[in-house]
1. Of the residues ALA32, ALA41, which single one is out of contact with any strand residue (DSSP E or B) (no Cβ under 6 Å at 6 or more places or on another chain) and buried (at least 24 other Cβ atoms within 10 Å of the Cβ)?
2. Any idea which of (1) within 26 Å of SER42 (Cβ to Cβ); (2) within 19 Å of the chain's Cα centre (by Cα); (3) at pLDDT 85 or above is the one ALA198 doesn't satisfy?
3. Within region 93-117, which residues are surrounded by 15 or more Cβ atoms within 10 Å (Cβ to Cβ) and farther than 21 Å from ALA208 by Cβ?
4. Among what's in region 226-266 and is among the aliphatic types (A, V, I, L, M) and open to solvent by less than 10 Å² (accessible area, probe 1.4 Å), pick the residue that is farthest from the chain's Cα centre (by Cα).
5. Tell me yes or no: at least one residue of region 8-23 is over 19 Å from TRP166 (Cβ atoms) and crowded, with 24+ Cβ neighbours inside 10 Å.
6. Would it be correct to say that VAL363 is surrounded by 18 or more Cβ atoms within 10 Å (Cβ to Cβ), touching a helix residue (DSSP H, G or I) at 6+ places or on another chain (Cβ under 8 Å), at pLDDT below 75 and not polar (S, T, N, Q)?
7. Output the number of the condition that VAL17 fails; it satisfies all remaining conditions of (1) in contact with a strand residue (DSSP E or B) (Cβ under 9 Å, 6 or more places away or on another chain); (2) farther than 30 Å from VAL84 by Cα.
8. List every residue pair whose Cβ atoms lie under 8 Å apart, where the two residues are 6 or more positions apart in sequence or sit on different chains, the first residue falls within region 237-255 and is closer than 13 Å to GLY54 by Cα, and the second residue, located anywhere, is charged (D, E, K, R).
Amino acid sequence: MEHRAATTVAGITLALVGFTSSFAVVLAGLTAVGATPTEAASGLVALCVTMGLGTILLSRRHRIPVTLAWSTPGAALLATTGAVRGGWPAAVGAFLVVAALVLATALWPALGRLIARIPAELAQAMLAGVLFPLCLAPVTGFAASPLLVGPAVLTWLVGLVVARRWAVPLAFVVALGTVVVEVVRHHDRLTGVLPEPAWTTPHLSIGAVLGLALPLFLVTMAAQNLPGVAVLASYDFEVPWRASMATTGIGTAIGAPFGGHAVNLAAITAALAAGPDAGPDRTRRWRAADTAGWTYLVLALASPLLVALVTAAPAGILEAVAGLALLGTLGSAVRTALAGDGPHEPALITLLVAASGTTFLGVGAAFWSLVAGLAVHGLLHYSGTRR
C-alpha cells in the first residue's frame, strides 16, 4: 500500500510539474506559427491526450517507467521561428513531416545513427540560440510591467531556494492568479473553456519543411529523445527504442492535424518516475508512469480554460513565466555547446545565427544556424587535417 501511494504521488507530481512548467511555452509556440486561440487550445488538448495514451501504452506494455512529453524545446523553436509561408496549415504540415521522420528512425536505425553524428555542441548551440530570445522575456516583461510580472519572478526566486522542482509551477500559479485578478477587474469574459478539437488540413511547403520541420525534428531528438534514454539508463532501465519512436511518431501524426507539434520521450521529468521517489521497488515504478499518463488525460480537460486565461492575460506575464521555465534548458545547452577543448567558433556561430531570428530565402534561422555551424566545423576540421 505504501509503495502504491509513492508511485501514485510520483506520477501525479510528474504530470503536474511537466504541464505547469512549460504549457505557456507550448501556447507561445503554437500562437507564433499562426494558431488561433481555438487552434492552440485544440493543440494543447491533442498533446495531452496523445502523450497520456502513449505513456500508458508503453509503461504497461514494457513494465518500465517510460514517460512521454511534448517537445518544450520544439515549442520554443516555434516561438522564435514565427509564421511560415503558408501560415498555420503549413506549420501543421511541418508537424506531420516531423512525425514521418520520427517513424523513420524507428524503421531505419541508420537514420538515428546519422543524427547522432551531428556534433552535440552544434545541436545544443542551435537550441541555445532558439531559447535565448525567449529567456529575455522575464527581463523585458518586468521592465515593462513590474507590478504584474514582479510577483511571479519573486515567487520563482523563493522557489529556487525552498523547493527547486516547484519553482516554475509556483511562479505559474502566481501569474495565473494575477491574470484572474486582471480579468475580473476589467470585466472580461472567457470563451472556449470546453475541449473543442479543431481540425486543420495540412499543407506542405518547402520553407516550412526546411525552416520548421527539420529543426523541430533535430531539436526534439537531441534535446528530448536522446536525453530521455540517458535518464532512464542512469536508473538501469533500458528504453525500448523502436517501440518508443513508433509510439511518439504515431502520436505526433494523430495530434498534428489538431494542432499538436511533437510528442517525444520525457527527459528531465522522467527521473520522477524512474528514481527512488517512485518507491523502493524498481519493478513497480512503471506504475508511476502509468499514473502520469492518466493525469495527462485529466489535464487535457483543463487545457481550454487555461488557454482562455492566457488569451485574456495582459502582455508579458505568461511570456515571463515561459522564459523562467526555459532558463535551466538554456544553461544546459550553453554548457554543452561550449564544453570541450576544441575551437568554439562553430558553436558560437550556430548560437548567434539561431538567436538572430533571421529568415533567408523563406527559411528560418534555426535551419541556417545549423548549416553555418556545420560549414565552419567542416572547414576547421579540414584545415586542421591538412596541417
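The values are calculated or read from the model by the stated rules, or taken from the named source; none is laboratory data. Just so we're clear, the structure is a prediction, and the values are computed from it rather than from any experiment. Cβ placement follows ideal geometry from the backbone for every residue including glycine, while neighbour counts extend to all protein chains displayed. Note: accessible area is taken over every heavy atom of the protein model, side chains too, but ligands, DNA and RNA are not part of it. Shrake-Rupley method; radii C 1.70, N 1.55, O 1.52, S 1.80 Å.
1. ALA41
2. (2)
3. Passing the criteria: ALA106, GLY112.
4. LEU232
5. There is no residue in region 8-23 that is over 19 Å from TRP166 (Cβ atoms) and crowded, with 24+ Cβ neighbours inside 10 Å.
6. Yes; evaluated as a whole, the condition is true for this residue.
7. It is condition (1) that VAL17 fails.
8. Qualifying pairs under 8 Å: ALA243/ARG61.
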